[in-house]
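Read the structure below first, then the notes.
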Amino acid sequence: MESFQNPYGATLNRSQSLMSGLEKTPPTCNKPTHSRSSSTASSRHSRNIKDWEVMDDLQVDVTSGDNPQDLTIPGICEGYLLKRRKWPLKGWHKRYFVLETGILRYSKTQQDITRGKLHGSLDISLAVMSINKKSNRINLDAGDILYHMKAKSHELFYIWVTKLSAHRMFKKNEAAQVHNGFLQALSQGTSVAGLAQRNGMQDVSSYQHYQSTTGSYMGEIAAPTLSEFPSVNPGVNGKVSAWLQQTHDPDSCAEELNRCQLDLSELNRLVQRLQSLEGGQQTFTNGELQRIISMQNLSLEKPKKSRSGKIWGHSRTMSRVEALGMPFRGITKSLSSSHLNSSSQLGASVPSLPDYVPSIPDYVCSQLSPPTNTSAEGKKIQQDICTLSQRVHTSLKSVHEALAQERQRLQDTYHQSTTQAETASGNQSRRTPSVTDSAAEYFDASDDVLNGSSSESDESGLSDRTTSNSEPEEGHASATREYRASISKAPNSVVPMNTGRRTTLPAHCPENAHVGLMQILYNNIGKDLSRVSMPAALNEPINLIQRLCEELEYSELLDIANNTQDPYQRMVYIGAFAISGYATAHYRNRYKPFNPLLGETYECLREDKGFRYISEQVCHHPPISACHADSDNFSLWQDQRWKNKFWGKSLEIMPTGIVNVTLPRFGDHYEWNKVVTCVHNVLSQQRYLEHYGEVIIRNLNSNACTCKITFVKSRYWGSDTIKNEVQGTVLDQTGSVIHRFGGLWHEGIFCDTFPTPQCIWKPNPQPKDYYLYYGFSNFALELNELTPGLKPLLPPTDSRLRPDQRMLEDGRVDDCDKFKEEVEDMQRERSKQLAKKGQEHKPRFFKKAVDSSGRDVWLTNGTYWKFRENPGFANTNNLELW
Ligand SMILES: CC(C)CCC[C@@H](C)[C@H]1CC[C@H]2[C@@H]3CC=C4C[C@@H](O)CC[C@]4(C)[C@H]3CC[C@]12C
């Protein structure tokens, strides 16, 4: 496993309470089979894993000693931290962070923050927080947003962790209170509108409307969501509530809410008890320093001294200290490390803050104020309050998730019906798609995106520059908006009416929301997902070596490239092709492809598209899939392997293989890397995929031009959220921009620097009812089709003949589960036998070579189609895989 280094999968300390901060899914019927393989993995990676801990909210005692019912706001914390670069995933930037009322914001500099020039912000109560004391690292994974941070010193690390914990706790309690208020209002029949007003929400009419539409609303109520809810007529209201009635189990939600109600009454009782206990207790207790740190406003940057020696620049944080006028150094000093590393507050719970607490720097000390004390009983009550609040939060979250799922289905159905309506209205042309002539409207593009410079070379250390990586750049948003408008006006390409291939699958995909994914992922921390066996209900009836073939869905872009004289324009088509392979991911986040068995093969002969493709699983440790395709217009090969890192809520997938394309007409040989794919909210039904990073396309046989494509990370601030944005530039030898193009990877690409600005690529419309068929595109639907004519020609190792996958496709999920297990056992047995004989598996159709940059690559040995033709696979020795 040389290639598998796991900084992220290794993030989580399995000995800690891994449930903390995560959606707690109900206990599941995870079969032992699926965790069986995990034990080896966990021990193998324990060295990396043990440095990381998931922070449990209760591990740090940060509640205010005064009166927790007030939800006393923890103090602000600000200062520089190092933030990991998004692409390449190495090196660190210095960024200025401000933590205030549970929201962490950051900018390049302190001045940028003051000027409101934000780079990002995150509600930390939604994030799983993991820390590494050894390297002073803090990770926050909110599902949508992922921050990797590092403090410059142990002291600062300590303070930040304390602060972050305090703010998380505060924010969570605050949310629980808001929910409590709404629930009470709903259950007592008081006006939600009134509550909305009390909570400072403006759009009261839509509130009332929403309430009447849904009957009883259970779940997260947030002002923006509600005000966004469209106005609908009463007929539609009926339909919507009918939908909710049918597809969702209202009883389980109601039960969950009743439980919340009970917990909330108990909370109320506890809070009152705590109030009555109020009064000064004098002795310092463990965790006291954490509490002081939590409550104070702190600036963690050394104040600059003016010439007169007076410290300036921290009036906000100093004022409170000055007002209190207390000598703090003494306090901090008296709170020695023995106080701090104890976990007595929590009994058996594990302390997560650094065991050794170094003395707090003077300039921070001077900002600290004296503690307020709480008695032992008071603390116990605080603990109980926290636990109960968390339980309420978890319950509400699960109700919210159920509703979110319904919402998603509703959206998909809506989307589907509009697509169908479009198709029915004969909106589309019937001819074979030609991407070039889909001339679209021109717009006056602004010049501000016309700079293709700045590629980062600083891999190792600290960088203070803003790079052209997947962090947003100003100007992009407006260009993308315009590209997008132009693309939507371009005609859809039409899948030829009758290819003679199937247009649907034999059975619907199984519902898999109940499968305990969390347990599987946590059991397999530090392990390649490509080697984790999952319950069949989580699989799609496609194999990874077939999935690789999906990247050829838009092979016509390569045909066009091979017929384009101009090298710069040619490069644009190559770039569009590189992007097009990602489009399908938009609809594919609920299932995982089958892991190919070692020696499994797959062919795809597409006379209509003019290419033939073969792939083989050539290596098992690490898993490598090799493929090769040729046509008159191009050859394409790649070997794909990927690492994955699980951060608590998100899963990052880093493919390491390089894609190669040659064009016979011009002797071009292009190669490019792939970007990171992130499965956000992997444990919840709000899962979605994002790609980010930079693709660089080079032509090894000509240095006329290169292409740089940025997959931009989503942005969540400002008025709009842009997701799936891509920006590309073709640069000549001198680095000047010759072409630029962009759009969204799931909607299309527009190039406005062509002689006729045009839409270069637009994905095919999704097939009817695609949601019921794993989200497959037409091309994907066809991949596993086995026709009687084809069957005798295939080698018995072809994925189409793999029984478990076929069973899933036919809807026989239980049979599939059983057979999959058998097939995997057989594979283990085969590798044992080989190892005994001291032999290694030798791939049949690919050979290992070294490319011009010294990388190991797998190339076709050219025998597949020959054998197929003569003597035919029926007459050759084949592996018996199932
Ligand atoms: C655990 C399950 C249910 C969650 C779903 C995981 C899915 C979304 C994951 C599992 C394996 C992943 C694929 C693994 C490898 C690659 C190659 C890369 O070049 C593009 C992304 C792509 C194609 C990934 C897309 C997302 C993927 C399909």
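The values are calculated or read from the model by the stated rules, or taken from the named source; none is laboratory data. None of these values were measured; they are calculated from a predicted model. Glycine also receives a Cβ, built like all others from the backbone with ideal geometry; neighbour counts cover every protein chain displayed. Areas reflect the complete protein model, heavy atoms only, side chains present, ligands, DNA and RNA absent. Shrake-Rupley method; radii C 1.70, N 1.55, O 1.52, S 1.80 Å.
The residues of the stretch 507-527 that are more than 12 Å from the ligand (Cβ to nearest atom), touching a residue at least 60 places away in the same chain (Cβ under 8 Å) and assigned to a loop (DSSP other than H, G, I, E, B), listed by number, are Ala507, His508, His514, Ile525, Gly526, Lys527. Ser533 passes every criterion in (1) assigned to a loop (DSSP other than H, G, I, E, B); (2) out of contact with any Asp or Glu (no Cβ under 8 Å at 6 or more places or on another chain); (3) within 16 Å of the ligand (Cβ to nearest atom) apart from (2). Ile574 passes every criterion in (1) under 30 Å from Ile145 (Cβ atoms); (2) modelled with pLDDT of 95 or more; (3) surrounded by 21 or more Cβ atoms within 10 Å (Cβ to Cβ) apart from (1). Of all the criteria given as (1) more than 11 Å from the ligand (Cβ to nearest atom); (2) in contact with an Asp or Glu (Cβ under 7 Å, 6 or more places away or on another chain); (3) under 15 Å from Tyr582 (Cβ atoms); (4) of a type in the set (Val, Ile, Thr), the one not satisfied by Ile697 is (2). Of Ser153, Ser125, all but one fail to be among the small types (Gly, Ala, Ser), surrounded by fewer than 24 Cβ atoms within 10 Å (Cβ to Cβ) and farther than 25 Å from Glu652 by Cα; the exception is Ser153.
Looking at the stretch 120-171, the strands (runs of 3 or more DSSP E) lying wholly inside it that each contain 3 or more residues that are within 25 Å of the chain's Cα centre (by Cα) and not small (Gly, Ala, Ser) sit at 128-132, 137-141, 146-150.
Taken together, the residues in the stretch 766-790 that are within 23 Å of the chain's Cα centre (by Cα) and on the phi > 0 side of the Ramachandran plot amount to 2.
The residues of the stretch 128-147 that are surrounded by fewer than 18 Cβ atoms within 10 Å (Cβ to Cβ) and among the charged types (D, E, K, R) amount to a single one, Lys134. Within the stretch 562-571, the set of residues being open to solvent by less than 20 Å² (accessible area, probe 1.4 Å) and either among the aromatic types (Phe, Trp, Tyr) or in a loop (DSSP other than H, G, I, E, B) (or both) comprises Asn562, Thr564. Look at Thr504 and say whether it is open to solvent by 20 Å² or more (accessible area, probe 1.4 Å), among the polar types (S, T, N, Q), more than 16 Å from the ligand (Cβ to nearest atom) and touching a helix residue (DSSP H, G or I) at 6+ places or on another chain (Cβ under 7 Å). Answer is yes for this residue. Hey, does the stretch 549-561 have a residue that's assigned to a loop (DSSP other than H, G, I, E, B), surrounded by fewer than 24 Cβ atoms within 10 Å (Cβ to Cβ) and either within 12 Å of the ligand (Cβ to nearest atom) or modelled with pLDDT under 95 (or both)? Checking the stretch 549-561: not a single residue is assigned to a loop (DSSP other than H, G, I, E, B), surrounded by fewer than 24 Cβ atoms within 10 Å (Cβ to Cβ) and either within 12 Å of the ligand (Cβ to nearest atom) or modelled with pLDDT under 95 (or both).
Of all residues in the stretch 661-682, those that are near the ligand (Cβ under 9 Å from one of its atoms) and of a type in the set (S, T, N, Q) total 1. The lone criterion from (1) away from the ligand (no atom under 16 Å from the Cβ); (2) more than 13 Å from the chain's Cα centre (by Cα); (3) not β-branched (Val, Ile, Thr) left unmet by Pro623 is number (1).
Within the stretch 642-660, the set of residues being within 9 Å of the ligand (Cβ to nearest atom) and part of a loop (DSSP other than H, G, I, E, B) comprises just one member, Gly657.
Being buried (at least 18 other Cβ atoms within 10 Å of the Cβ), more than 30 Å from Pro535 (Cα to Cα) and modelled with pLDDT of 80 or more is a description that applies to Asn492.
Filtered by the rule that a residue be open to solvent by 30 Å² or more (accessible area, probe 1.4 Å), touching a residue at least 60 places away in the same chain (Cβ under 8 Å) and closer than 14 Å to Ala626 by Cβ, the stretch 849-876 gives Asp851, Arg855, Leu859, Thr860. Can you tell me which residue is modelled with the lowest pLDDT among those in the stretch 683-693 that are over 20 Å from Gly581 (Cβ atoms) and more than 10 Å from the ligand (Cβ to nearest atom)? Within the stretch 683-693, the match that is modelled with the lowest pLDDT is Gln685. Of the residues Tyr158, Tyr106, the single one that is surrounded by 22 or more Cβ atoms within 10 Å (Cβ to Cβ) and touching a Gly at 6+ places or on another chain (Cβ under 7 Å) is Tyr106. Every condition in (1) open to solvent by 20 Å² or more (accessible area, probe 1.4 Å); (2) away from the ligand (no atom under 16 Å from the Cβ) holds for His586 except the one numbered (2).
In the stretch 589-606, of all residues being of a type in the set (D, E, K, R) and modelled with pLDDT of 95 or more, the one that is surrounded by the most Cβ atoms within 10 Å (Cβ to Cβ) corresponds to Glu600.
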